[in-house]
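These notes concern the structure reproduced below.
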Amino acid sequence: MSLREILEKLVAEKTPVLLSSRGKDWNAGELLDSLSKPMLMRTAHIQAGMYIALVNEGGYLGEVLYRLKPIT
C-alpha cells in the first residue's frame, strides 16, 4: 500500500487522528496536499493506532514516518 493510499483512507474514513513527526502534527489531508509525488508513492504500512512506517525493498518495516495521535 502506498503512503497516498493510507492517507486517502484516513481522510475518507474521517479518522480522528493527527500524524506526528519531529515535534509537528498534521492531519492526513494536509499531508496529501503538501507531500511530493515520489514520497506519496512510497510503500508504507499503517499499524492502527500506533504509526505509519515505510516498507523497505526487502518487504520489512523501515523508518517510522508518523506516530498516530488520537484527537480527543
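The values are calculated or read from the model by the stated rules, or taken from the named source; none is laboratory data. These numbers were taken from a predicted model, which means no experiment stands behind them. Neighbour counts are summed over all protein chains in view; Cβ atoms, including those assigned to glycine, are modelled from backbone coordinates with ideal geometry.
Out of Ile6, Ile52, which single residue is in contact (Cβ under 8 Å) with a residue 12 or more places away in the chain, surrounded by 15 or more Cβ atoms within 10 Å (Cβ to Cβ) and out of contact with any Leu (no Cβ under 7 Å at 6 or more places or on another chain)? Even if it seems obvious, please write down each step before you answer.
Numbers: Ile52 fails: out of contact with any Leu (no Cβ under 7 Å at 6 or more places or on another chain).
Ile6 is the lone residue from the list that is in contact (Cβ under 8 Å) with a residue 12 or more places away in the chain, surrounded by 15 or more Cβ atoms within 10 Å (Cβ to Cβ) and out of contact with any Leu (no Cβ under 7 Å at 6 or more places or on another chain).
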- Task: Working only within region 37-72, note down all residues that are closer than 15 Å to Ile6 by Cα, of a type outside the set (A, V, I, L, M) and over 11 Å from the mean Cα position of the chain (by Cα).
- Result: Lys37, Pro38, Gly49
- Could you grab me the full set of residues in region 11-44 that are farther than 12 Å from Arg67 by Cα and in contact (Cβ under 8 Å) with a residue 24 or more places away in the chain? Pro16, Leu31, Leu32, Leu35, Met39, Leu40, Met41, Arg42, Thr43, Ala44
- The number of residues in region 40-60 that are modelled with pLDDT of 95 or more and touching a strand residue (DSSP E or B) at 6+ places or on another chain (Cβ under 8 Å) is 14
